[in-house]
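What follows is one structure encoded as C-alpha cells, with my remarks underneath.
The values are calculated or read from the model by the stated rules, or taken from the named source; none is laboratory data. Remember, predicted model here, so these are calculated numbers, not experimental data. All Cβ positions, even for glycine, are placed from backbone atoms using ideal geometry, and neighbour counts span all protein chains on display. Note: accessible area is taken over every heavy atom of the protein model, side chains too, but ligands, DNA and RNA are not part of it. Shrake-Rupley method; radii C 1.70, N 1.55, O 1.52, S 1.80 Å.
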Amino acid sequence: MLHFLAQELNDILTSTAPGALLSDFGQRMYFPKGIIAQSAEAKQFGKKANGTIGMTVKDGKPVILPCIHKQVPDLSSAELVAYAPTAGNPELRQLWKEKIIRKNPALTGKNFSLPVVVPGLTAGISYLCDLFLSEGDVLLSGDPSWDNYVLIAESRRKARFVQFNMFTEAGLDGRFNCAEFKKAVETNAASGKLRILLNFPQNPSGYSPTKSEADEICSIIKETAEKGCTVMVWCDDAYFGLNYESDIEAQSLFARLADMHENVFAAKIDGPTKEDFVWGFRCGFLTFAGKGLTDAHYDALVKKLMGDIRSSVSCCSTPPQSIMLRAFKEASLEAEKKEFRDMLERRYRKVRTFLEGKRTHPVLQPMPFNSGYFMSLRCNGIDAEQLRQKLLHEKGIGGIAIDDKTFRIAFSSIDERLIDEVYEAVYTTADELAHS
C-alpha cells in the first residue's frame, strides 16, 4: 500500500508524461514530513532555540575543530560542516539554473524545474533509474557506451539496456547514425513508453552531434511523441561545452526537448565536475522539463527526487557546494576555465594530426570524435583487453578496454608532449598482437 504522501504526489502527476513514466519505485517515493521538514520549519521560526537537528551548535553556529577549520580558513563553520538541505543549497541551485539558461539561450522563457543537487552525476543517473525504470523496462543508448550505464540500469534496476550502433562508420569521417537511431526508437517505442539516454560529448567516443544531426535526432523524438508514445530523454551533459569543432551543436538537447511535445519529458544531468575541473567534489545537478508541466508538477517531481536522496545519502556534501557557490561569483572564473579548455583542445588537435597519418591502418580505426575528454579506437582482429594488458605491462601505458573491440584513451590526462609517443606505442602494440 502506498504511503499517502506518495499517493498525493502521484495524483498531482496524473495525466502527465512523467506520471506515466514513473517506475514502481518512483510511484512509492515521497519526501517525508519528518526530521528534515520539521527542522526546516524550525530554522525559520525557532528563533529562541532550535532543538531539531543533530549538530553540535554553540552561539547559534555549528562547532568546528580548529585542526579542520585551518585547512579551509576562508569558509565559515556553516559552509564547511553544517548539513546541506536535501535538495541542495538554495542559492547554488538558483545560480546553476541561471547558468544553464546562459549556456543554453534557447531555454529563455521556458518553464523548467529548479536544479536539485545530487552527489555526483553518476548519482543523478542512478536516481533517474530509480524513479523511471522498472524491472524489464528498456533504456536506449548508443553503442559504444560508458560501462556504468549498464551496471546501474541492469544490475541495480533489472532493466534492459539496449544499444544502437552510434556511428555510420568507423574512422574520422564517420557521423552520428541517425538511421540506426530512428530504427531503434521505432522498435522500442512499440510499448508506448520509451526512455532514451544521450550523452554528449559522448563517453567513450568523444563525439557530439553536429547542428544538422541534432535537428534530426530531435525530429525523430518529436515524431515518436506525435504518434502517441511517451518519451523520456536523459541528457547526460557531463562534458558540456568541451567542443572543438565549429559545426557541433553548442546547446544541450535539453533546451529543445523542454517544450517539444506533451509526450516528451526531459531530464538534464550536469554539474561542475568536468565543466569546472572539480572531479572529486561529487557535486552534480538534476533538472526536469516538459511541455505543459506546471510548477506544481515540478514540485512533485522534486519531492520524489528528494525522497530518493533522503533515503540514500540523506543530503549532499556541504563543502563542495559552498566552494562552488563562491567560485561561481568570481570574475576570473571563465578566463581560468578557458586556459584549461584551450589546453584540452590543443591535445585534441595533436591526436587528430597523428591519426590522420593512420587512416588506412588495418588493425586500429579511430571512432569519430570532436569533443570532450576521450576518443576510442575500434580493434579489428585483436582483443581490446589484450591490447590494454600488453600496453600496460610492457609499455607502461594505461587505457581502457570498454569491450572486446573498443579501446578508450583519455587524451585529457596525457600531457601534450607525450601524445605522439603514447599513440605510436598503441599502434605498434596493436600491430604486434595482430602478427603474434
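List of remarks:
- Some residue of region 168-189 being under 18 Å from the mean Cα position of the chain (by Cα) and touching a residue at least 24 places away in the same chain (Cβ under 8 Å): no
- Contacts under 6 angstrom Cβ, first residue in region 285-300 being under 17 Å from H261 (Cα atoms) and in contact (Cβ under 8 Å) with a residue 12 or more places away in the chain, partner surrounded by fewer than 19 Cβ atoms within 10 Å (Cβ to Cβ) and acidic (D, E), 6 or more apart: K291/E262; G292/E262
- Residue tally, condition free of Cβ contacts under 8 Å to residues at least 12 places away in the same chain and of a type in the set (S, T, Y), over region 248-268: 0
- Selection count, region 43-67, where residues are farther than 25 Å from I309 by Cβ and either of a type outside the set (A, V, I, L, M) or modelled with pLDDT of 90 or more (or both): 10
- If the condition is being closer than 14 Å to R349 by Cα and among the β-branched types (V, I, T), then region 407-422 contributes I414, I419.
- Unmet criterion (only one of (1) assigned to a helix (DSSP H, G or I); (2) surrounded by fewer than 24 Cβ atoms within 10 Å (Cβ to Cβ)) for Q251: (1)
- Checking each residue in region 346-392 for being open to solvent by 60 Å² or more (accessible area, probe 1.4 Å) and over 25 Å from D404 (Cβ atoms) picks out R346, R349, K350, T353, E356, G357.
- Taking first residues from region 269-280 that are touching a residue at least 60 places away in the same chain (Cβ under 8 Å) and partners that are open to solvent by 10 Å² or more (accessible area, probe 1.4 Å) and of a type in the set (K, R), the Cβ contacts under 8 Å between residues at least 6 apart in sequence or on separate chains come to T273/R282; E275/K337; D276/K337; F277/K337.
- Considering (1) of a type outside the set (S, T, N, Q); (2) under 14 Å from W96 (Cβ atoms); (3) open to solvent by 10 Å² or more (accessible area, probe 1.4 Å), the lone condition that E275 does not fulfil carries the number (3).
This table checks each residue for (1) aliphatic (A, V, I, L, M); (2) without any contact (Cβ under 8 Å) to a residue 40 or more places away in the chain; (3) not assigned by the TED database to the domain that holds V313.
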{"position": "V116", "(1), (2), (3)": "yes, no, no"}
{"position": "L128", "(1), (2), (3)": "yes, no, no"}
{"position": "N148", "(1), (2), (3)": "no, yes, no"}
{"position": "A159", "(1), (2), (3)": "yes, yes, no"}
{"position": "C218", "(1), (2), (3)": "no, no, no"}
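- Of all the criteria given as (1) out of contact with any Gly (no Cβ under 9 Å at 6 or more places or on another chain); (2) outside any loop (DSSP other than H, G, I, E, B); (3) in contact (Cβ under 8 Å) with a residue 40 or more places away in the chain, the one not satisfied by E245 is (2).
- Residue count for region 304-343, restricted to those that are in a helix (DSSP H, G or I) and either surrounded by fewer than 22 Cβ atoms within 10 Å (Cβ to Cβ) or of a type outside the set (K, R) (or both): 27.
- Failed item in (1) open to solvent by less than 60 Å² (accessible area, probe 1.4 Å); (2) modelled with pLDDT of 95 or more; (3) not assigned by the TED database to the domain that holds E135, with P18 passing the rest: (3)
- Residue count for region 282-303 satisfying the condition of being over 20 Å from F254 (Cα atoms) and open to solvent by 60 Å² or more (accessible area, probe 1.4 Å): 2.
- Residue check for R359: assigned to a loop (DSSP other than H, G, I, E, B) and out of contact with any helix residue (DSSP H, G or I) (no Cβ under 7 Å at 6 or more places or on another chain): yes
- Of all residue pairs spaced 6 or more apart or on separate chains, those with beta-carbon atoms under 7 Å, a first member in region 90-114 that is surrounded by fewer than 17 Cβ atoms within 10 Å (Cβ to Cβ) and a second member that is basic (K, R) are A106/R256.
- Where L377 falls short, out of the listed (1) assigned to a helix (DSSP H, G or I); (2) among the hydrophobic types (A, V, I, L, M, F, W, C); (3) in contact with a strand residue (DSSP E or B) (Cβ under 8 Å, 6 or more places away or on another chain): (1)
- Number of the condition not met by A40 [criteria: (1) surrounded by 12 or more Cβ atoms within 10 Å (Cβ to Cβ); (2) modelled with pLDDT of 95 or more; (3) not in a loop (DSSP other than H, G, I, E, B)]: (2)
- With respect to the conditions (1) in the same structural domain as E249 (by the TED database); (2) among the β-branched types (V, I, T); (3) farther than 25 Å from F132 by Cβ, V313 falls short on a single one, namely (3).
- Looking across region 218-235, just one residue is closer than 17 Å to N177 by Cα and either small (G, A, S) or at pLDDT below 95 (or both), and that is S219.
- Scanning region 397-414 for residues that are open to solvent by 70 Å² or more (accessible area, probe 1.4 Å) and in contact (Cβ under 8 Å) with a residue 60 or more places away in the chain yields a single hit, I400.
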